[in-house]
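First up is the structure itself, then whatever we jot down about it.
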Amino acid sequence: MNGINLRGIWAIYRFEMARTLRTLWQSVATPVITTSLYFIVFGGAIGSRMETIGGVEYGAFLVPGLIMLTLLTQSISNASIGIYFPKFTGTVFELLSAPISAFELVVGYVGAAATKSVVIGIIILLTSTYFVDLRIDHPLAMVAFLLLTSITFSMLGFIIGVWAKGFEQLNFVPALLVTPLTFLGGAFYSIDMLPEPWHTVSLFNPVVYLVSGFRWSFFGVGDVSPALSLGFTAAFLILCTAVIAVIFRTGYRLKN
């Protein structure tokens, strides 16, 4: 039985990371500026008129939601663009004929996309400390949610990159589905503040479980139990893995 082709994984990972380093300033400056604006608008203008939520100051309450919003969008965007460009240029056939398995190919692309997302998430976390006093009650859980979410949605981005036939479709899911669901998923408020039936309706939004679990790791409070949040994320990871397995088994939009 042949071992894992670490050199092949490293080659793909290094190529994708090098592409990011070419736009390093943009990659770093954008989340810093965006985070600062959120704190100025939401934390300053609205937070000064709002009481604490679950015993947490509103400015600090925003931080997990801001990080999660960025993780979801960046993970999907990075992974989808990473695999779409080889399709667009035709070099995907070289990848498919190279001595590298589907597993190793996915690890390279998803690993690079998840790494970029985690780095940006950490940048947002550090930027937030200049605006609010933060505490992290469960640091191990925070890291677990950070990594699991980045990997899961990078896999979703990989699927979107394979599915997309044009650049417009690459932006379809992040712009018209993920971002609205995040804004409606308790990123900037607690769903407990919603009246019925909207509170019950919000429980069908999958992003609620991601944001709630991540916020619990910071402050020990959340809209749903952390076990349920972790279970949902793990289930979605398994689903994405199954879809990617089908893609490579059938060659869907890769070999034809």
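The values are calculated or read from the model by the stated rules, or taken from the named source; none is laboratory data. Quick caveat, the model's predicted, so the values are computed rather than measured. Heads up, the Cβs are rebuilt from the backbone with ideal geometry, glycines too, and the neighbour counts pull from every protein chain shown.
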Is it the case that Ile9 is part of a helix (DSSP H, G or I) and over 24 Å from Pro180 (Cα atoms)?
yes
Taking only pairs six or more apart or across chains, which ones have beta-carbon atoms under 9 Å, a first residue in the stretch 6-28 that is under 18 Å from Phe85 (Cα atoms), and a second residue that is of a type in the set (S, T, N, Q) and in a helix (DSSP H, G or I)?
Tyr13/Thr115; Glu16/Asn78; Glu16/Thr115; Met17/Thr115; Thr20/Ser27; Thr20/Asn78; Thr20/Thr115; Leu21/Ser27
State yes or no: is Thr89 within 22 Å of Leu21 (Cα to Cα) and either among the charged types (D, E, K, R) or surrounded by fewer than 17 Cβ atoms within 10 Å (Cβ to Cβ) (or both)?
yes
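Please note which helices (runs of 4 or more DSSP H) are completely contained in the stretch 144-256 and include at least 1 residues that are closer than 25 Å to Gly108 by Cα and of a type in the set (Asp, Glu).
Filter on the stretch 144-256 gives 167-173.
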Consider the stretch 35-49. How many of its residues are modelled with pLDDT under 70 and more than 14 Å from Ala187 (Cβ to Cβ)?
5
Neighbours by Cβ (under 6 Å, 6+ apart or cross-chain): first from the stretch 165-185, crowded, with 18+ Cβ neighbours inside 10 Å; second of a type in the set (A, V, I, L, M) and part of a loop (DSSP other than H, G, I, E, B)
Leu170/Ala164
All positions within the stretch 199-244 that are more than 30 Å from Pro139 (Cα to Cα), surrounded by fewer than 17 Cβ atoms within 10 Å (Cβ to Cβ) and touching a residue at least 60 places away in the same chain (Cβ under 8 Å):
Val243
For the stretch 142-157, state whether one or more residues are buried (at least 20 other Cβ atoms within 10 Å of the Cβ) and farther than 30 Å from Lys87 by Cα.
yes
